[in-house]
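The next block holds one structure in the form of structure tokens; read it before the comments.
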Amino acid sequence: MLSESLGLGSDMTILVTHLHGDHVTGILGLLQTMSLAQRRKPLNVVGPQKLLKWLEVTADLLHIGLTFPIRFSVAKPGLVLKTHGFRIRAAKASHSVEAFSYLVEEFGRPGVFYPEKAKALKVPEGELWSRLQKGKPVAIGSRRIEPSQVTGPPRPGRKVGYSGDTRPSAGLARFFAGCDLLIFDSTFRAGDREKAVARRHSTSEEAAELAKKAGVRRLALTHFSARYTSVSSLVREARKVFPATVAASDGLSLDVGYPE
Ligand SMILES: [Zn+2]
Ligand SMILES: [Zn+2]
């Protein structure tokens, strides 16, 4: 987070899918680092009920005093959090312990405002500009100016899905329908499907099949088993089914963009 300049004091929501060590233990260090940086803003944390208990008990045992409050939301299917810019919904994942998948849905926004167009139409700067920027029409004398005359097309909100550890399921394909970016469990390659079934994970091929079914724009594979020295074969297998696939890696930056 530091190397990506994300800032330790910014608005932030941590989504925890389930209580397995590889998804939980790192949070403690992060919270401590935030406290060292004197974070004051509340931190949103969403996760299974017992996550809060674990945080409280370990913070107490290790004498970790946080400089900021934690706003905890219990993960459950449906809406789990809403902010001014987006909402987060959860769905049951299919793993060896209770687990959730998350969908971050940005609210739609009015189109880009073009000041030169407003000036050309002699709309006085100020209150009227702000109304048009918000997508509302304005009246100047007998003239009526529509927002579409001075702004680009409305920008629909973007959708980013995160599966966490899971087997693929029809329910998740529906949950992730139309995502701009889907980040999905890809622990095993297709040849190791039996292991994926036994350990309640997915293969890269299964992730791709689900992405195709859900009609997402792009798929990022993640959570690769350490048994593979290279993930290129997993990406290749997935691309045969769903070409718009990349392998997620630390620090990878993807432009989610706005759907046309
Ligand atoms: Zn797990
Ligand atoms: Zn895991």
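The values are calculated or read from the model by the stated rules, or taken from the named source; none is laboratory data. All of these numbers come straight from a predicted model, not from anything done at the bench. Please note: Cβ atoms are built from the backbone with ideal geometry, for glycine as well, and neighbour counts cover all protein chains shown. Accessible surface is based on the protein model in full, side chains and every heavy atom, while ligands, DNA and RNA are left aside. Shrake-Rupley method; radii C 1.70, N 1.55, O 1.52, S 1.80 Å.
May I ask you to work out the translational diffusion coefficient for the stretch 203-260 at 37 °C, viscosity 0.692 mPa s, via Stokes-Einstein with Rh from the Kirkwood sum over Cα pairs, reported in whole µm²/s? So the translational diffusion coefficient is about 274 µm²/s. Among A248, A118, A90, the largest mean-square fluctuation in a Gaussian network model of the chain (Cα springs under 10 Å) belongs to A118. The charge dipole of the chain, taken about its Cα centre with unit charges on the Cβ atoms of Lys, Arg (+1), Asp and Glu (-1) only, comes to about 840 debye.
Peptide packing: for 157-166, 60-69, the average count of neighbouring Cβ atoms within 10 Å per residue gives the ranking 157-166, 60-69, highest mean first. Taking a straight Cα-Cα cut-off under 30 Å and skipping sequence neighbours fewer than 8 places away in the same chain, the lysines within cross-link reach of K53 are K41, K76, K82, K92. For the stretch 121-260, the share of accessible area belonging to carbon and sulfur comes to 51 percent (1.4 Å probe, ligands and nucleic acids excluded). Backbone N atoms of the stretch 185-208 closer than 16 Å to the 7 Å Cα→Cβ label point of R236 belong to residues 189-192, 204-205. The local environment of R193, defined by Cβ-Cβ distances under 12 Å, has a net charge of -2 under the rule Lys, Arg +1 and Asp, Glu -1.
Near S230, within a Cβ-to-Cβ distance under 14 Å, what is the net charge of the other residues, with Lys and Arg +1 and Asp and Glu -1?
Working: positive: R189, R227, R236; negative: E237.
For residues surrounding S230, the net value is +2.
Within the straight-line cut-off of under 18 Å between alpha carbons, the aspartates and glutamates reachable from K119 are E127, E146, sequence neighbours fewer than 8 places apart in one chain being disregarded.
Projecting the Cα atoms of G126, S96, S232 onto the charge dipole of the chain, computed from C-beta unit charges around the Cα centre, puts G126 farthest toward the positive end. Among the trypsin sites (Lys or Arg not before Pro) within the stretch 58-102, not one is in coil by DSSP while having at most 11 neighbouring Cβ atoms inside 10 Å.
May I ask you to compute the full-extension gain from Q38 to K76, defined as 0.36 nm times their residue separation minus their alpha-carbon distance, rounded to one decimal in nm? Display every interim value, and only then the final one.
Numbers: separation 38, 0.36 × 38 = 13.68 nm, distance 3.13 nm.
Using 0.36 nm per residue and subtracting the Cα-Cα distance, I get 10.6 nm.
The helix-only estimate of mean residue ellipticity at 222 nm for the chain, built from DSSP H runs of length n ≥ 4 each weighted as -39500 (n - 2.57), is -8000 deg cm²/dmol after division by the residue total.
Could you size up the charge dipole of the stretch 170-260 around its Cα centre, putting +1 on the beta carbon of Lys and Arg and -1 on that of Asp and Glu, and report it in debye to the nearest 20?
That gives a dipole near 280 debye.
Segment T25..T83, full-extension length gain: 18.2 nm, with 0.36 nm per residue of separation and the alpha-carbon distance subtracted. Based on protein heavy atoms only, the stretch 129-260 ends up with 51 Å² per residue of surface accessible to a 1.4 Å probe. Using a probe radius of 1.4 angstrom, the carbon and sulfur fraction of the accessible surface of the stretch 1-95 is 57%. Which is farthest toward the positive dipole end of the chain among L51, G85, S249, measuring Cα position about the Cα centre, with Cβ charges +1 (Lys, Arg) and -1 (Asp, Glu)? Checking the options against the dipole of the chain, the answer is G85.
Pairs from the table (K134/K212; K134/K213; K159/K240) lying more than 29 angstrom apart at Cα are K134/K212; K134/K213.
With +1 on each Lys and Arg Cβ and -1 on each Asp and Glu Cβ, and nothing else charged, work out how big the dipole of the stretch 76-199 is about its Cα centre, in Debye to the nearest 20. Mind showing how you got there, number by number?
Numbers: 23 positive and 12 negative charges, 74 e Å.
Once rounded to the nearest 20, the dipole reads 360 debye.
Only one residue of L219, L19, S204 has its Cα farthest out toward the positive end of the dipole of the chain, where Lys and Arg carry +1 and Asp and Glu -1 on Cβ, and that residue is L219.
Rounded to the nearest 5, what is the percent of antiparallel bridges among the DSSP beta bridges in the chain?
Values: 21 of 40 bridges.
That works out to approximately 50 percent antiparallel.
The convex hull built on the alpha-carbon positions of the stretch 1-62 has an orientation-averaged projected area of 4.5 nm².
Taking the Cβ of L43 as the centre, find all other residues whose Cβ is under 15 Å away and add up their charges (Lys, Arg: +1; Asp, Glu: -1).
+2
In the chain, the convex hull through the Cα atoms has an average projected area of 17.3 nm², a quarter of its surface area.
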